[in-house]
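Here, each number is a calculation from the coordinates, and none is a lab measurement. Remember, predicted model here, so these are calculated numbers, not experimental data. All Cβ positions, glycine included, derive from the backbone under ideal geometry; neighbour counts span all protein chains shown.
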Amino acid sequence: MTDTSGAITVTKLEKRFGSFRAVKGIDFTVGRGEIYGFLGANGAGKSTTIKMLCGLLEPSGGTALVAGVDVAKDPEGVKRRIGYMCQKFSLYEDLTAAENVDFFGGIYGMAPDRLKARRDEVFALLELTERKNAFAGDLPRGFQQRLALACAIIHEPDIIFLDEPTAGVDPIQRRAFWDLIYSFSAAGTTIFVTTHFLDEAEFCHRISFIADGEIVAEDTPAGLKKLLSAWRLYEVQAADPASLLPAVRQLPAVKSAALFGDTLHVMADAAVPAEELFAGVAGITAVEQVTPTLEDVFLHIAGKKS
């Protein structure tokens, strides 16, 4: 169970670029040991928020405490207490795995003896020991991500920020990576993670959605799905589902509709039977009521209905 006290406490946090408000006075708290998913479309304010929390971007207003440190007053203090792993592989490809970790350990001021012991410990945990002398640029993508994680946690930070940590990684490696995240959480480390894989968001203890610079929903995965409990979700099949989307969105009982793979997912008033709901739409080959996923919640919240 996670500690409910705040490892991250955000109050009325805001970022302005001239007259444009990229982040609009948001509030949230992340508990110690919690895996907190932070989701949003491109341009929603997600990256701007993360940069402020990591001490990389000065807030325009409000406060954010990360590991007890005010990000505006002491951004360098924040950086010493966190680990950060970005989506794009950004380590030194012409250095070995061990040399990369040693470099980052040195930046954090770790004593040589402690750094070596910690590196051996982290490499064993991440199954990198056999590859410690391999050049980072020669490692398979999954092991590059593990190496990036090793560099992020070498100094034993209180909080780890993971930005799209499994992008480009195969499903087996993704599952293994999340097993590692759970082990860190169980040991008391707070995980702040962004992902475009909404099936991965199911692994988070809590999730918040940011849209147009505002937190529009925050809850457990199960709690977020309950937001759709007053509606019915239908999966609609058609030869050309994209061509049907405008007409479906205009149906009076439809709350939202969006392309979902090669089908449409349609959120509609539960009081209207499916036969009546879609009676006037030509080209539909099948309709099935389905259970909402987090992706459906995200599309619903993001306002995909035009």
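Odds and ends about this structure:
- Difference of contour (0.36 nm per residue) and Cα-Cα distance, Asp269 to Phe20: 86.0 nm
- Annotation: extensible slack from Glu93 through Ser183 equals 29.6 nm (criterion: 0.36 nm per residue apart, minus Cα-Cα distance).
- Under the criterion of Cα pairs below 8 Å and six or more residues apart, the relative contact order for the chain equals 19 percent.
- Equivalent ellipsoid semi-axes - Cα gyration tensor, the chain, angstrom: 41, 23, 16
- Per-residue HN-Hα couplings for region 236-249 [Karplus 6.51, -1.76, 1.60; θ = phi - 60°; Hz; x = Gly/Pro]: 10, 9, 7, 5, 9, x, 4, 5, 8, 4, x, 5, 5, 5
- Selection from Val69, Ser243, Ser229 lying farthest towards where the dipole of the chain points positive, charges on Cβ: Val69
- Between Ala167, Ala117, Ala176, the GNM of the chain built on Cα springs shorter than 10 angstrom shows Ala117 fluctuating the most.
- The Cα atoms of region 228-301 define a convex hull whose projected area, averaged across directions, is 4.4 nm².
- Relative contact order computed over region 228-301 (Cα-Cα under 8 Å; 6+ residues apart), in percent: 42 percent
- Taken over region 47-180, the alpha-carbon convex hull comes to 109 cubic angstrom per residue.
- Region 1-121: relative contact order in percent, alpha carbon pairs under 8 Å with at least 6 residues between: 21 percent
- Near-label residues of region 196-226 by backbone N, under 12 Å of a point 7 Å along Cα→Cβ of Arg175: none
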